[in-house]
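Engineer: Mind looking over this structure? Questions follow.
The values are calculated or read from the model by the stated rules, or taken from the named source; none is laboratory data. As the structure is a prediction and not an experimental result, all values here were calculated from the model. Cβ: placed from backbone, ideal geometry, glycine included. Neighbour counts: every protein chain shown. The accessibility values were calculated without ligands, DNA or RNA, using every heavy atom of the protein model including side chains. Shrake-Rupley method; radii C 1.70, N 1.55, O 1.52, S 1.80 Å.
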Amino acid sequence: RGLVRIACRFSAAPLLAVMATPAAFAETFGPNFDINAATRSFTGSVERCSFKRLFWSFYLGAYDPKKNVEDWRQQAIANRENYIDTRDRVTPKLEANLSMDANISNPLAKTENNPWSERFKNEELMQEIWKDVERTYSEVPFFMESNTRKSLQRVLFVWCKEHGAVENGNYAEAYRQGMNELAAVLMYVVASDVCTDTAGSACSVLLAGDEDAIEGDCYTLFASLMDTGMSEMFAVCRVRRRPAAAPKSAIGELPMREPVSVPQPETSVLVRCTDVFEKQLKKSDRALQSHLVENDVAPQLFLLRWLRLLFAREFQLQDTVVLWSHLFADAYTRGSPYSSACPKTAQDVAKACAEAMPLVNFVAVAMIRHIKSDLMNEDNSGCLQRLMKYKPARVSALVASAVELRRISELGVPDSLRGARSELGPDGPLSAPKPTPSRASGRGYARVPPPDDLDLFADDPLSAARKPAAKAKTGSGRLGSVKGQVKDFLTTVTSAVGEAGGALREAAEQKSSAPPPAVPRPAPVGKPGLLPSEARDMSRRVSDIVARLQQSGVDVPMEIADLRKLQEELAARG
């Protein structure tokens, strides 16, 4: 019966829908389940994981990952029952109104306790939500189903009645456009992970596919997501116009002057947009940020949507699911729980929201930098068009770039060094004086002139075996040269890793006067690779190269990320 209801309820199943098997469930969430180890595995294979519904519940706080499967099962049942009770309570039945005293329950009366007034407010809120729901992901068949839209509408309605701020008794003010986008992604993931186990088992309960379970789990996830500070991103401060006091004179009161508007206070989402644009982007890429400022590109025009919707409208739905998986996992491992304690200023709220999901701001910076080559050649309208209609990009690459940007930011590199990294052209990042740490003073930076050219691998005997014929210095000038060196080094090491043990040792023993050895060819399948000692030596060498890149100030976060992956592989071999 349950499977029949699933087929009727979701005749257009999500594209990511995966039927989770009981065996896979037992293997993943067995007695030895560890959320940290599971998170590393989850983020490494997000696209193939069939348990996003559960992992998101852990990361957002719906379930406690330190408890066991039976506890999660009981919590899931309780959450769904609580949602159904709340849904029934906040939507009074028409029959109840008709059975009351006609003097109290009168559709035309405007008395305070008239239940018809509550009904009219509910209908107004439902209509306001439906305007957005009926056009939410209209290109996805799953959201074209009438039942899916109605479930999404009910989830938003119940949340607004329970959690939304109400002005003058108007519940329609509790809903904000964009909330439908967040709830839609959550419902998509919940409906994508369904278990086929026998009724009553933990797998079949936690990953149930009936309508009430999917709707209840979606509501739980949405409420948990909004509790991370996302509700503050939709807060609106209205400007009320108040009349000026009429001055008095000897002939009586003068006519009223024009209403005076009160200056609009900043909201937390606008403060956060300013922080991303004027602080984080400026520190990461001063030239790009200056170009956008010179062309009067207002950051709130695009960052407002990015931060409120967690980039849901900038990517395809499947890519959004992958991105959110990384954002939620990072928030669980590195974020600070959001607290709604009052009073708070807009700056305090913006900071707390950023700390609750610490990778979001850096993803925004990485997205801007990803299209830097396009933005630098555009004016105001061209920049806004590129930012508001974001071109397709690899989510994994953006996440890796964001993680690297955050790591660099946490190192406390001074602004003078960061600013030199973003200059382009022949006199690019390597031509400006670069501050280096002064160990004598224990703090501060001593400015020293850089070399005429940067050769990352000048002292590397392995790299000497495969020098590029000519360093490319077109396009981005020396930035392209450094990228070329990194690419050449990665190619050389990849080839050497497949060789029999001793290939690196022979290359290291070559004298500078000796002719360079030929590039080693990959070893046949079955031959041994690097010796452990060679792998450790190469791992230290890669670490030195990464440190040299960071010290030089070259703007190559993607190349640094590739080098770090290589270092991890070499460390595992050692």
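Engineer: If you look at just the Cα atoms of the range 24-70, how large are its Rg and its Dmax in Å?
Structural biologist: Considering the range 24-70 through its Cα atoms, Rg and Dmax are 10.0, 27 Å.
Engineer: Once you order the gyration tensor axes a ≥ b ≥ c over the Cα atoms, which shape class does the range 298-393 get: rounded for a/c under 1.5, otherwise prolate or oblate by comparing a/b with b/c?
Structural biologist: In terms of gyration-tensor shape, oblate.
Engineer: Here's a follow-up. Suppose R0 equals 60 Å; then what is the FRET efficiency for Asp562 and Ile84 from their Cβ-Cβ distance, rounded to the nearest 0.05?
Structural biologist: Calculated transfer efficiency: 0.75.
Engineer: Now, a different point. Working out 0.36 nm times the residue gap between Asp544 and Arg334, then minus their Cα-Cα distance, what length gain in nm do you get to one decimal?
Structural biologist: Extra length from Asp544 to Arg334 when fully extended: 72.9 nm.
Engineer: Here's another thing I want to ask about it. Starting from the amide H of Ala20, placed 1.01 Å from N in the peptide plane, find each other amide H under 5 Å away whose residue is 5 or more places distant or on another chain.
Structural biologist: Those lying under 5 Å, H to H, from Ala20 are Val194, Cys195, Thr196.
Engineer: Residue-wise, which Karplus ³J(HN,Hα) couplings in Hz belong to the range 360-374, taking 6.51 cos²θ - 1.76 cosθ + 1.60, θ = phi - 60°, and x for glycine or proline?
Structural biologist: These are the phi-based 3J(HN,Hα) values: 4, 4, 6, 5, 4, 5, 4, 5, 5, 5, 4, 10, 4, 4, 6 Hz.
Engineer: Please give me the summed charge of the neighbours of Ser138: other residues whose Cβ is under 15 Å from its Cβ, Lys and Arg +1, Asp and Glu -1. Please list the in-between numbers first.
Structural biologist: Numbers: positive: Lys131, Arg135, Arg149, Arg313; negative: Asp132, Glu134, Glu139, Glu145, Glu181.
Overall, the nearby charge balance is -1.
Engineer: Using a ≥ b ≥ c from the Cα gyration tensor of the range 294-336 (square roots of the eigenvalues), is it rounded, prolate or oblate, where a/c under 1.5 gives rounded and otherwise the larger of a/b and b/c decides, a/b for prolate? Could the numbers behind the result be given before it?
Structural biologist: Working: a/c = 3.36, a/b = 1.64, b/c = 2.05.
Note, shape of the range 294-336 comes out oblate.
Engineer: Count charges around Gln300 for me, please; just the other residues with Cβ under 13 Å from its Cβ, Lys/Arg as +1, Asp/Glu as -1.
Structural biologist: Taking every Cβ under 13 Å from that of Gln300, the sum is -1.
Engineer: For Ile84, Ile560, write out the residues from largest to smallest accessible area, computed with a 1.4 angstrom probe and no ligands counted.
Structural biologist: Ile84, Ile560
Engineer: For the range 272-286, take each phi angle, set θ = phi - 60°, evaluate the Karplus expression 6.51 cos²θ - 1.76 cosθ + 1.60, and give the result in whole Hz per residue in order, putting x for glycine and proline.
Structural biologist: 5, 4, 5, 4, 4, 7, 8, 10, 6, 5, 5, 5, 7, 8, 5
Engineer: May I ask which of Lys391/Lys483; Lys52/Lys283; Lys282/Lys483 have a Cα-Cα span longer than 30 Å here?
Structural biologist: Checking Cα-Cα distances, Lys52/Lys283 exceed 30 Å.
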